[in-house]
1. So if I place +1 on the C-beta of Lys and Arg and -1 on the C-beta of Asp and Glu, and nothing else carries charge, what would the dipole magnitude of the chain be about its Cα centre? I want it in debye, nearest 20.
2. Quick check on the chain: of the DSSP beta bridges with both residues there, what percent are antiparallel, nearest 5%?
3. Rank these by accessible area, largest first, 1.4 Å probe: Thr190, Thr7, Thr127.
4. Scanning the chain for helices, which whole DSSP H stretches are 27 Å or more long along the axis (Cα) and average 0.0 or more by Kyte-Doolittle?
5. Per-residue ellipticity at 222 nm for the chain, helices alone: DSSP H runs ≥ 4 residues times -39500 (n - 2.57), over residue total, nearest 500 deg cm²/dmol?
6. Sorted by mean Cβ packing within 10 Å, highest first, what order do the peptides 133-144, 78-89 take?
7. Could you tell me what percent of the DSSP beta bridges with both partners in the stretch 95-199 are antiparallel, to the nearest 5?
8. Give me the percent of Cα-Cα pairs in the chain that sit more than 35 Å apart, rounded to a whole number.
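The values are calculated or read from the model by the stated rules, or taken from the named source; none is laboratory data. No experiment lies behind these values; they were computed from the predicted model shown. Note: ideal-geometry Cβ built from the backbone for every residue, glycine included; neighbour counts use all protein chains shown. When the accessible area is computed, the model is the full protein with side chains, heavy atoms only, and any ligands, DNA or RNA have been set aside. Shrake-Rupley method; radii C 1.70, N 1.55, O 1.52, S 1.80 Å.
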Amino acid sequence: MKISIITATYNSGATLRDTMESVLAQDFDDFEHIIVDGCSKDDTLDIVRELEPRYNGRLKWVSEPDNGIYDAMNKGIMMATGDVVGLLNSDDFYSASDILSTVDREIREFDAVYGDVHYVDPKDTATPVRLYSSAAFRRWKMRLGFMPAHPSFYCRRTVYTRYGLFDPGFKVAADFEQLLRLIYVNRIFTRYIRKDFVTMRTGGASSSGLQSHRRIISDHLRAYRKNGVSSNILLESLRYAYRIGELIKFRLSSIKLR
């Protein structure tokens, strides 16, 4: 089963090497890595060209103007030829060498699978600062703003063909709107895998600042309206209480391990 990995880049020279090396380190060979670059002005493309020979024909890349990260991801999905599609951001990297082989093994009877991710400080990628576990996710919780850890989400390409790609009109939370459409509205058949898929540096487009969180809530409410799902800002606020509790639990467990 062929897996397509989509990475959108723009001036990603500081982190892209880690991303690509983690793909090359996978113990699964039947993949293609698609890099969609938005005309980077740093050394991003130099890194792509340097590492390209090691892919043995399994790397595709394009560099052209786009309308933001979700537009770039859509381009990548449309370029994909794999049976399954996953996204790996240009400042993230796989947490282990058996991620793709795990996806290949576990997705056989499902439309999509997902797992866990963890966040690290950009200056210390060896030390976790927060775990985003998808273990507690349930379909009904999407009305509260919950979703599986999107960087761990691997989906059959036919699902995107049937139900659509990202809506670029959602500048921060197009991933939530898409998963709401796939999982809650169209009820695709999913499975949770208890595994840490991706290491994410803090400070991404949807994880930094109060203003960003306000935009996320606004996008979530618009996603509900677009898809005819009943929810409100009060239900959305419950998610933040849960995440605070999750962070406290993680910090306490980290202290005990020291």
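1. Roughly 1440 debye for the chain.
2. 35
3. Sorted by accessible area, descending: Thr127, Thr190, Thr7.
4. What comes out of the filter, once short or polar helices are dropped, is 233-257.
5. Working: 8 runs with 92 residues, N = 258.
Value at 222 nm, helices only: -11000 deg cm²/dmol.
6. Details: 133-144: 15.2, 78-89: 19.8.
Most protected by this proxy first, the peptides run 78-89, 133-144.
7. 55
8. 11
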